[in-house]
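Before any comments, here is the structure.
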Amino acid sequence: MKNIYRFLMVLLGFSILIPVHAREYQGGKSTTHVKSTAAGCLQSTGFQFLDLNNVRARINTGGDMWWDLQAGIGSQYYIPAAGTATSLFAGALWIGGLDVNQQLKLAAQKFRQQGLDYWTGPLTIDGTASIDKEVCAEYDKF
């Protein structure tokens, strides 16, 4: 039992000494393709602050949360809500499921580094699931 405690203490000591940094995606070739159904929509810029339980957090319409990409301000997840300390830098919605052919479909935002998976506005129901630039702009809000 003592050996297990020693091992855990050594492991804890090493985990404290190893620095961890957030940085841009360093992977290989991007597999994200902008679909033609996006029809030239501009990147969404709408946002709102969610004030709840002494937390003030920025929520963006583009599927990502807590950061201000356009202004370069950085983290905007404040606890307490009136304070200036932030505890989270960024997050995003990842939504997935299986279609009728059991194929995985996934929309996942990765800090907008490899394209966008979320566009504002309703899609057409004519089988093409498309949208145009004007509809995107009209719905880029909360």
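The values are calculated or read from the model by the stated rules, or taken from the named source; none is laboratory data. Note that the structure is a prediction, hence the values are computed from the model and not measured. Because the Cβ atoms are built from the backbone with ideal geometry, glycine has one as well, and the counts that use them run over all protein chains shown. Surface accessibility is based on the protein's heavy atoms, side chains included, excluding ligands, DNA and RNA. Shrake-Rupley method; radii C 1.70, N 1.55, O 1.52, S 1.80 Å.
Give me the residue from the stretch 51-63 that is open to solvent by less than 60 Å² (accessible area, probe 1.4 Å) and modelled with pLDDT of 85 or more and, out of that set, nearest to Tyr77 (Cα to Cα). In this case the residue turns out to be Ala57. Within the stretch 118-139, being part of a loop (DSSP other than H, G, I, E, B), closer than 25 Å to Gly72 by Cα and out of contact with any Cys (no Cβ under 9 Å at 6 or more places or on another chain) holds for Tyr118, Tyr139.
Yes/no per residue for (1) of a type in the set (D, E, K, R); (2) open to solvent by 40 Å² or more (accessible area, probe 1.4 Å); (3) within 16 Å of Thr45 (Cβ to Cβ); (4) touching a Gly at 6+ places or on another chain (Cβ under 9 Å):
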site: Phe89; (1), (2), (3), (4): no, yes, no, yes
site: Asp99; (1), (2), (3), (4): yes, yes, no, no
site: Gln102; (1), (2), (3), (4): no, yes, no, no
site: Ala108; (1), (2), (3), (4): no, no, no, yes
site: Gly121; (1), (2), (3), (4): no, no, yes, no
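Applying the criterion of being closer than 28 Å to Trp67 by Cβ and in contact with a Leu (Cβ under 8 Å, 6 or more places away or on another chain) to the residues of the stretch 123-134, the residue that is surrounded by the fewest Cβ atoms within 10 Å (Cβ to Cβ) is Lys133. When we screen Leu17, Leu69 for residues that are modelled with pLDDT under 75 and open to solvent by less than 70 Å² (accessible area, probe 1.4 Å), the only hit is Leu69.
May I ask you to say which residue of Gln48, Gln113 is modelled with pLDDT under 80, surrounded by 11 or more Cβ atoms within 10 Å (Cβ to Cβ) and not hydrophobic (A, V, I, L, M, F, W, C)?
On the way: Gln48 fails: modelled with pLDDT under 80.
Result of the check over Gln48, Gln113: Gln113.
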